1. At 20 °C and 1.002 mPa s, grab the translational diffusion coefficient of the chain from Stokes-Einstein with a Kirkwood Rh over Cα pairs, rounded to a whole number in µm² per second.
2. May I ask you to evaluate 6.51 cos²θ - 1.76 cosθ + 1.60, the Karplus curve with θ = phi - 60°, for each residue of segment 111-117 and list the ³J(HN,Hα) values in order in whole Hz, giving x for glycine and proline?
3. For segment 34-46, what does the Karplus curve 6.51 cos²θ - 1.76 cosθ + 1.60, with θ = phi - 60°, yield as ³J(HN,Hα) per residue in whole Hz, taken in order and with x for Gly and Pro?
4. For segment 273-390, what does the relative contact order come out to in percent, with C-alpha contacts under 8 Å and a separation of six or more?
5. Return the equivalent ellipsoid semi-axes of segment 162-270 as a descending list in whole Å, where each equals the square root of 5 times an eigenvalue of the C-alpha gyration tensor.
6. At what distance in nm do the modelled label points of residue 511 and residue 42 sit from each other, each positioned 7 Å from its Cα along Cα→Cβ?
7. Using only the Cα atoms of segment 211-344, what semi-axes does the equivalent ellipsoid have when each is the square root of 5 times a gyration tensor eigenvalue? Give whole Å, largest first.
8. Which angle between 0 and 90 degrees, to the nearest 10, do you get for helix 472-485 versus the longest principal axis of the chain when only C-alpha atoms count?
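The values are calculated or read from the model by the stated rules, or taken from the named source; none is laboratory data. Fair warning: this is a prediction, and the values are worked out from it, not measured in the lab. Cβ atoms come from the backbone with ideal geometry, glycine included; neighbour counts cover every protein chain shown. All accessible areas refer to the heavy atoms of the entire protein, side chains included, with ligands and DNA or RNA removed. Shrake-Rupley method; radii C 1.70, N 1.55, O 1.52, S 1.80 Å.
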Amino acid sequence: MEAGKATDVSDIQNEDELDEEPGEVIESAPPLKVGEERELGTSGLKKKLLKCGHGYETPELGDEATVHYVGTLLDGTKFESTRDRDEPLTIKLGQGRVVKGLDHGVVSMKKGEIALFTLPAELGYGVVGGGGSVVPSNAIVRFEVELVSWITVVDLSKDGGIVKKIIEKGERNERPGDLDEVLVKYRVALVDGTVVAETPEEGIEFYVKDGHFCSALPKAIKTMKRGEKVRLIVQPQYAFGVEGRDANNGFHSVPPSSVLNIDLELVSFKPVIDVTGDAKVIKKVLKEGEGAWVANESASVTVSYIARLEDGTVFEKKGIDGEQPLEFITDEEQVIAGLDRAVATMKKGEQAILTIHPDFGFGSIEARRDLAVVPPHSNIVFEVEMLDFIRENAPWEMINHERLEAARRKKEEGNLLFKEGKYQKAGKKYDKGADYVSEDGNFGDDESKLARELRLSFWLNGAACSLKLNDFQEAIKLCSKVLDIEFHNVKALYRRAQAYMQVADLVLAELDIKKVLEVDPQNREVKLIEKNLKRLQVESNKRDAKLYTNIFGRMTKKLKVEKVENEKS
């Protein structure tokens, strides 16, 4: 565009109408069309769209924008132009580098957009004029602006200590966390350009939580996406402070109170997941799997792996070097707990390294495996790939008879586990089974009756598991759900009475026992806990009597002392 020459709106519109993107939305107004003019806000700043930009993003105050502009008076007199120099100007939005009002216009623009802004005197050069004395005082001015590009600037530390300028945007939305392993490239220089640190060409790997070079680096990395490139301006308090740093470990010395300029690229990162929540099973993803589904509990999985001790000794291989892959069902205790738990979080095709604590491995026993012996209390490492899996269908994915059949299977599996003394796992089976026959299942009449019977059975059996696990509040909750449906269910009253006694709620326990005996006066088990209840009530009454005696004794003594003191006075 020739400097100072008015832009032919119709030509631009014809050129760009096929590429036109929706314009910015200002105070819920419709997007500007090419050739349309509108006031931005209430400041008097007007914007006329000459050419649409690309995408949907716009810069913000604080960002660094690169613009071409031509400034004119209302009569067309040109007083300033970057096009005369054929070099755009980079400005920090919000500082009023050109004129103070123009920045608020630029933040409404998209990349590649051209707009004509009309500024009243108070937003332009004011009462003193300017523009090389060409602009008179109180003059209305116009700026034709093209937004060439901009760099997003973020104050990471909120105190100006770490300023991040995004040079190249990254891919996707995932950002690394503290546990993740990152691959980065960086170049660190002082303000005078002296390079004090630089990674090899292939970059360097480290865990974010371990930190690297200076405290600003991991803070910045956690805000970045894969492939993102940034420039960090790091003040001394986030670098090496007033002391600086001596040369060591291949790094040059850093003088005291040095500001650092760091060019940083996040090449990639490997997500690291704390599977158990206590760092006893850690999964590092080497290759992401396909799709959104993970294997989940009760899935039939096929995996290959190499299993090693911490010193690298291989003790087992599956699906590698001619060995058959391993097939098993998750959450069925068919493999060690750490492998079981981690595999249930994997996608098809995913490759990962698992680090497993003895509590989720072979524990305190010596385990003889195919290729070596695993000593007691050994941490072990699996390099595993999820070859395939068949997920167990969720209740909402089944028709009614499939849900009922799945519920029966869960009941049988839970009963078997209960007989083996595996109460926690049995409770999980009963809990899952109840999901298949929930009240929102829309069963027919006959199916509804069967679903109701199964549902009550799951809650009763779950309460029995909770009693064995000393989870008395859960037992009370499950029994109460049964009694909401069957007011005089003997098993629910009996088990809830047991739980009430364990939490010392003897009044409610007595009520439940009385209800059972009303229905089944010869129930031997209930009569036994009634006898135990009476013993507990006697002991409770004795404790209460002793407590009240002590309280009244102290009160009496206090009153006597106060009486003596009053008589003396």
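1. For the chosen part, D equals 67 µm²/s.
2. Per residue, the Karplus-derived 3J(HN,Hα) values read 4, x, 6, 10, 9, 10, 10 Hz.
3. Result, rounded to whole Hz: 4, x, 8, 10, 8, 7, 8, x, 10, 7, x, 6, 10.
4. 35
5. Working: eigenvalues 103, 39, 32 Å².
Gyration-tensor ellipsoid for segment 162-270: 23, 14, 13 Å.
6. Between residue 511 and residue 42, the label points sit 6.1 nm apart.
7. With the √(5λ) rule applied to segment 211-344, the semi-axes are 43, 18, 14 Å.
8. Tilt of helix 472-485: around 80 degrees.
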